[in-house]
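The values are calculated or read from the model by the stated rules, or taken from the named source; none is laboratory data. These numbers come from a predicted model, not from an experiment. Because the Cβ atoms are built from the backbone with ideal geometry, glycine has one as well, and the counts that use them run over all protein chains shown.
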Amino acid sequence: MLPHIIVAVGLFFLAPFIMGVRNLDLYYTAKVLDTYVSLFGIVLLVPLFLPDQDKDIRELIRSKRESIVVLHFIRMGQALLVLSIFVASFLAFLQKGNCIFPFGRYFYGTMSSCIFLGGLGILIYAFVDNIAAVYMVPLMYYILCYGGGKKYLGKFYLFSMFNGTVEDKIYLLIAGLVMIIAGILIRKRFPG
Amino acid sequence: MMGKTLFFKECKEILKSITYYIFLICVAVFFVSQMGSVAAVSKPLPGAESYGWKYSDDEADIMASALDNLLFELSRNSFGTYPIGFYKQVTLSEDEQEEIYEILVELVGKTKEELVEAVKIYGSSMDHSAVESIYIRQDLSYEEFCHAFNRIDKILGGGSYYRDDKIYNHARVGKTYQDAVDDYRYIIEKDHVSGAYARIFADYMGIILGILPVFIAVTRALKDRRAKVDQVIYSKACSSAVIVITRYVAIIAMTLLPVFILSINPLLQTIYVAADNGITVDYLAFLKVILGWLLPTVLFTVSIGFLLTEMTNGPLAILIQGLFWIISVFAASTNLIGYVGWNLIPRFNTVGSYTVFQSIFDDLVRNRIFYTIIAILILAGTIIIYDKKRRGRIHFDRALSKHIKG
Amino acid sequence: MDMKIVLNDVSKFYGQKQALDHVNLEIHKGMFGLLGRNGAGKTTLMKTITTLLAPSSGEITVCGVKVKEGVKVREMIGYLPQDFSMYGNMSAYESLDYLGVLSGLSKSERKERIPELLEKVNLRSNTRTKVKAMSGGMRRRLGIAQAILHNPRIIIVDEPTAGLDPEERIRFRNLLTEIAGERIVILSTHIVGDIEATCEHIAVMDQGKIIFNGTVSQLLEDANGNIYEAKVSRIEVEEIKKQYEVTNVLMQSTEALVRFIANKKEEGLPTAEVVLPNVEDAYMYLMYKNGGIK
């Protein structure tokens with residue numbers, strides 16, 4: 001988990017160097033959050049199953065009393081907490097830089113995108129034992145959105161906050177949570 | 001030869017890898033969604049509302065538009081510069097703003113108070129009319145202007161478009177019908193249409209080629225250990241260089257193969273358009289951009305994937321290359337045409353604009369050579385580390401991987 | 001070009017831990033057994049010979065070639081590590097083909113030898129079976145096939161029978177003996193039975209040191225006269241264990257047959273008789289002499 005947190009921190013501090021983060025209006029703030037901060041979801045949530053990547057460790061954990069599912073849920077909770085801290089901090093940072101936007105709504109919107117991307121990765125991880133594929137699929141989804149996938153993805157389009165509305169975000173949020181839960185439960189059955 | 005057989009075997013193994021298929025899907029979908037929206041090159045018709053823009057080399061135009069942009073940035077106290085090749089946003093202190101106003105006073109013949117007032121109104125109202133009355137003095141020479149603006153560039157920390165060698169960037173004027181026709185002729189005669197299409201193809205494909213290949217590389221580099229065949233492979237007579245290089249070249253080849261195949265589509269479009277206008281096509285245009293423009297990006301991405309995975313036995317390479325990729329993509333997003341700098345993924349998001357392309361061509365070449373050399377050096381480093389692991393001379397990966405896994 | 005492997009005062013450190021302690025050894029043609037506990041240094045020793053580990057000090061020469069010259073030495077060696085598998089998606093044939101290329105075999109050589117080898121290790125019917133579908137025993141056999149594919153002068157096998165069922169174990173041992181021929185075959189194990197069945201020359205390692213180097217007969221001779229066997233009641237077994245180094249206990253309904261190490265006939269056990277030591281006894285005796293077991 002640690003290198004992922006370091007990367008997230010890196011991303012955080014990198015932001016002002018590679019894009020404008022001050023004096024942004026509703027639209028540009030949304031753009032930054034949707035296109036940049038949503039990536040935090042991939043970085044921080046996807047490594048859920050990493051510690052037990054090794055088959056032997058998996059077997060060992062499975063033999064312990066506590067259910068591996070409970071363990072994963074706890075880890076997920078931790079990851080979500082860390083993610084919220086990052087996202088909230090970033091929003092606070094933007095506000096300090098004189099960006100004007102509704103904090104609560106944008107927090108909700110950004111978290112939804114993050115959770116969706118993270119959920120995608122986790123779901124894939126439940127089926128496929130390939131680390132690279134796990135990061136790749138959410139990234140692929142992100143790229144598809146970037147490359148104008150709005151018409152194909154509809155409500156599940158990642159960058160829907162541009163208009164200042166967060167109504168479509170609910171789909172992302174729910175889908176994301178469903179995928180996370182499904183991923184954890186399926187992983188239990190497939191030793192991989 | 002060992003290498004050749006090994007190469008084909010590696011290619012075959014890549015075909016069995018799930019990351020490769022995700023890669024293919026991504027490339028295909030991205031290509032279809034992007035290139036589908038490329039405007040066809042067609043002969044401009046007289047009487048159209050707009051013919052797009054071009055850089056004016058009229059000094060008056062340049063001075064006026066540079067001033068205009070400066071006033072805009074001043075009104076928000078937010079300036080975009082590229083001191084190290086990547087976009088950076090500059091905010092000025094009171095004193096620094098003072099300095100700029102002082103320079104401006106000499107250029108526009110208004111008092112400082114008038115200037116400050118006008119800019120303030122401009123800033124709060126976003127109404128351009130507030131600064132309409134501010135313009136360059138008639139008697140100011142272009143040299144004096146550039147001299148003054150160079151000073152402004154220094155105040156901004158350098159790397160801004162107010163510097164004399166880049167100041168032409170401000171002067172975007174609408175193209176006239178004649179301009180459009182000239183441009184069109186350029187595309188047809190010099191660029192052969194294929195150049196124009198090839199460049200936009202390279203522009204789009206570069207975006208995904210700067211990140212997706214790293215996944216294939218990481219998967220391959222982790223494969224031996226996970227399959228528990230690493231010790232046996234180490235014990236074979238084959239040299240480390242041959243082992244690493246054949247894997248590397250196999251990935252490069254398999255990565256570019258679908259790109260080649262996809263390029264047939266725009267190539268056919270090109271041939272069609274060219275036939276319409278009775279001119280020849282440079283059939284190799286796409287090959288040239290794939291090898292000259294895109295290849296170095298892929299070389300670098302795969303090299304990083306190999307090196308970092310070999311060093312850490314974990315997926316760190318994905319995160320690091322991810323960072324490079326994000327920087328490249330975001331940093332370029334404010335100027336997608338006419339600037340390549342040291343960007344891993346050089347952008348050129350337009351069909352045509354041959355003259356603009358010519359002006360950045362040298363930069364592009366330098367950029368691509370740079371990344372190719374770096375990629376090769378990184379690969380050499382990978383071979384060295386692989387060999388040291390093979391001889392049991394490095395144990396640090398054990399210590400590192402404990403941290404990375406976790 | 002002498003067919004031998006020479007280790008000259010070889011030591012290996014992993015940080016503070018010393019895995020090899022001034023090892024001096026000469027290994028000749030035939031089956032050579034390396035015996036010792038887990039952690040004694042057997043794997044480390046084998047890896048240094050195979051060039052996969054660089055000794056901290058000392059020199060190793062393989063058929064006249066210093067181990068530093070990686071490629072030349074690796075050409076002569078076929079290695080099967082303890083933990084061996086192959087890419088899951090490859091079939092037995094493809095695996096051998098791939099590893100064969102890495103060993104520098106030409107296409108015709110591979111085409112000729114692979115079917116022969118698959119036959120020899122009894123995997124003929126599994127030519128197309130994917131590695132991920134193979135059992136542990138099958139993989140081990142595949143492993144030995146790849147080790148001899150390029151006809152190396154030296155074969156090094158680390159714990160070849162660990163994890164195999166008794167039948168497979170015997171088959172594997174026979175296989176090794178079969179392929180030994182004019183080669184040097186080094187096999188390491190902590191199962192005494194493996195050595196007994198196959199090797200004339202053995203070395204015993206403990207804590208990085210060689211504590212015995214010679215033939216099996218010599219090992220037995222050393223222990224001769226020091227192994228006793230006594231028939232006692234089952235309750236007494238624990239008592240005996242406390243007093244002596246017991247090498248074996250055979251439970252028989254109400255009684256037990258206990259073999260143990262002793263210098264002379266002890267009073268407390270009038271029924272004890274000297275017996276001829278088997279290799280297991282001899283090994284235990286050696287360990288005992290060297291400063292206690294466990």
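For the stretch C:96-122, give me the residue count where each residue is of a type in the set (S, T, N, Q) and under 16 Å from B:ILE243 (Cβ atoms). Give the derivation first.
First pass over the stretch C:96-122, keeping only residues of a type in the set (S, T, N, Q): C:103, C:106, C:108, C:122.
Next, from what is left, pick out any that are under 16 Å from B:ILE243 (Cβ atoms): C:103.
Final tally of qualifying residues: 1.
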- Can you tell me how many residues in the stretch C:63-104 are among the polar types (S, T, N, Q) and in contact (Cβ under 8 Å) with a residue 60 or more places away in the chain? 1
- Within the stretch B:97-107, identify whether any single residue is among the aromatic types (Phe, Trp, Tyr) and in a helix (DSSP H, G or I), and answer yes or no. yes
- Restricting the first residue to the stretch B:61-82 and requiring it to be in the same structural domain as B:HIS147 (by TED's automatic domain parsing), which pairs with a second residue that is assigned to a helix (DSSP H, G or I) and of a type in the set (Asp, Glu) meet a Cβ separation below 8 Å and a spacing of at least six or different chains? B:PHE79/B:GLU73; B:GLY80/B:GLU73
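For the stretch B:54-95, how many residues are of a type in the set (Val, Ile, Thr), within 16 Å of B:TYR161 (Cβ to Cβ) and modelled with pLDDT under 80?
Of the residues in the stretch B:54-95, 3 are of a type in the set (Val, Ile, Thr), within 16 Å of B:TYR161 (Cβ to Cβ) and modelled with pLDDT under 80.
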- Across (1) at pLDDT 85 or above; (2) out of contact with any Lys or Arg (no Cβ under 7 Å at 6 or more places or on another chain), B:TYR101 clears everything bar (2)
- Failed condition for C:VAL232, given (1) among the β-branched types (Val, Ile, Thr); (2) surrounded by fewer than 18 Cβ atoms within 10 Å (Cβ to Cβ); (3) modelled with pLDDT of 85 or more: (3)
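Could you tell me which residue of the stretch C:180-205 is farthest from C:LYS4 (Cα to Cα), considering only residues that are in a helix (DSSP H, G or I), of a type in the set (A, V, I, L, M, F, W, C) and touching a residue at least 60 places away in the same chain (Cβ under 8 Å)? Spell out the reasoning first.
Within the stretch C:180-205, the first condition is being in a helix (DSSP H, G or I), and the residues that meet it are C:180, C:192-198.
Remaining after also requiring of a type in the set (A, V, I, L, M, F, W, C): C:180, C:192, C:195, C:197.
Remaining after also requiring touching a residue at least 60 places away in the same chain (Cβ under 8 Å): C:180, C:192, C:195.
Numbers: C:ALA180: 14, C:VAL192: 24, C:ILE195: 20 Å.
Taking the candidates together, the pick is C:VAL192.
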- Item | Of residues in the stretch B:91-100 being in contact (Cβ under 8 Å) with a residue 24 or more places away in the chain and not β-branched (Val, Ile, Thr), the one surrounded by the most Cβ atoms within 10 Å (Cβ to Cβ) | B:LEU92
- Tell me which residues, restricted to the stretch C:71-94, are surrounded by fewer than 19 Cβ atoms within 10 Å (Cβ to Cβ) and facing chain B (nearest Cβ under 7 Å). C:VAL71, C:GLU75, C:ASP83, C:GLY88, C:ASN89
- Task: Output the residues belonging to the stretch C:139-174 that are touching a Ser or Thr at 6+ places or on another chain (Cβ under 9 Å), without any contact (Cβ under 8 Å) to a residue 40 or more places away in the chain and crowded, with 17+ Cβ neighbours inside 10 Å.
- Result: C:THR161, C:GLU168, C:ARG169, C:PHE172, C:ARG173
- Item | Conditions (1) under 23 Å from the mean Cα position of the chain (by Cα); (2) in the same structural domain as B:LEU92 (by TED's automatic domain parsing); number of the one not met by B:ASP191 | (2)
- In the stretch B:108-141, residues that are surrounded by fewer than 17 Cβ atoms within 10 Å (Cβ to Cβ) and of a type in the set (Phe, Trp, Tyr) total 1
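For the condition in the same structural domain as B:SER239 (by TED's automatic domain parsing), modelled with pLDDT of 90 or more and either assigned to a loop (DSSP other than H, G, I, E, B) or surrounded by fewer than 20 Cβ atoms within 10 Å (Cβ to Cβ) (or both), what is the one hit in B:ILE378, B:ILE360, B:ILE304?
It is B:ILE378.
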